[in-house]
Amino acid sequence: MATLDGRFEKGLEMRGRLAGGQGRIYKGAVPAAYDLAPDMYRISTESLYGSIWSRPGLELRYRAIATLTVAAIQLTTQVRSHIRNALNVGITPEEIIEILMMVAFYGGIPAAYNALAVTKEVLEERGMHVTLPETFDPSLEPKTLYERGVAKHKELISDVFGYHPTEPTPVERALDVLMHEYLWGAVWTRPGLDMKSRIVCALAALVVRGQYDVSVRRMIEGALRFGLTRTEIMEIGMQLAFYVGVLPARAFMHIANTVFRSPEFSQAEPRGL
């Protein structure tokens, strides 16, 4: 186990890396806050950056995607910093835009548009002018879009209609249809972001809520079937503990552990997470 000074040094290195080489004393998006609580800089640098961002088990790219997702959903002013971090670790502007299109469904359209507006500002600061090509085909029949969404959903979850503990009402059915048309049929099928990154984004959005047991279970099961490891899934919960709070993160990790113990997945990866 590293000393506290060792963690601090490691945290400084990670903060500098995320900041794109802006220096090892970079104090993030709200430096004025450290005047009020000076110990926060040392504590957060050791615990979050030196002990969590620096952990093995989940690539830096996916840590950045998960963190950007929750920052956007929370409508936090720090979303600007996390957009910059994502760019600094190699996530492309096009991928960031695709992540935020996912956020529209998992965190709400206001959150997505807010983060997209900030993204535009950050890109323009860097002399980057990016607009995604229009790939959505409005001539599609709704039935075709729906069937495409169900097929994409089934790539992760075989029983895509098993979310309801009781028979769904007509309103719930209508919502399911819309989500299969637009979330799964129009967004998950877009070419600008790989499938693993979309899964990480969806899992991160579920961590924010700290509930929705069935939805979380199904997405974790789908992630495992797609090829994410138990270690990667647990690291997503670990990564987000300081961004969403320990209780929602632990709720997610607890649900993940129940999935890992189920017959289908109990032999997928050695214990010791």
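The values are calculated or read from the model by the stated rules, or taken from the named source; none is laboratory data. Given the structure is predicted, the values throughout are model-derived calculations rather than measurements. Note: ideal-geometry Cβ built from the backbone for every residue, glycine included; neighbour counts use all protein chains shown. Side chains included, ligands, DNA and RNA excluded: accessible areas come from the protein's heavy atoms. Shrake-Rupley method; radii C 1.70, N 1.55, O 1.52, S 1.80 Å.
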At R0 = 22 Å, FRET efficiency that the Cβ-Cβ distance of Asn257 and Arg55 yields, to 0.05: 0.75
Rounded if a/c under 1.5, otherwise prolate or oblate - the range 134-214, Cα gyration tensor axes: oblate
Once the Cα gyration tensor of the range 176-273 is diagonalised, semi-axes √(5λ) in Å: 22, 16, 13
Helical contribution to [θ] at 222 nm, DSSP H n ≥ 4, -39,500 (n - 2.57), averaged over the chain, rounded to 500: -19000 deg cm²/dmol
21 Å Cα cut-off, lysine pairs counted over the range 76-218 (separation 8 or more, or different chains): 4
Relative packing of 235-245, 172-182, 42-52, which averages over residues the other C-beta atoms within 10 Å, highest first: 235-245, 42-52, 172-182
Gln78/Glu155 FRET efficiency (R0 35 Å; Cβ-Cβ; nearest 0.05): 0.60
Quarter of the Cα convex hull surface for the range 1-153, i.e. its orientation-mean projected area (nm²): 11.3
With eigenvalues of the C-alpha gyration tensor scaled by 5 and rooted, the chain, Å: 32, 24, 16
Taking the C-alpha atoms of the range 41-81, convex hull volume expressed per residue in Å³: 73
Share of pairwise Cα separations in the range 30-119, more than 15 Å, in percent: 62
Zone residues, the range 219-249, relative to Met40, backbone N less than 18 Å from point 7 Å out along Cα-to-Cβ: 241-246
Relative contact order %, the chain, counting alpha carbon pairs below 8 Å whose residues are six or more apart: 19
Portion, in percent, of the accessible area of the range 1-145 that falls on carbon or sulfur, probe 1.4 Å: 57
Mean accessible surface per residue for the chain, computed with a 1.4 Å probe while every protein chain stays in place, in Å²: 50
Semi-axis lengths (Å, descending) of the ellipsoid that matches the C-alpha gyration tensor of the range 85-195: 30, 15, 13
Fluctuation leader among Thr258, Thr92, Thr166 - the chain, Gaussian network, Cα springs under 10 angstrom: Thr166
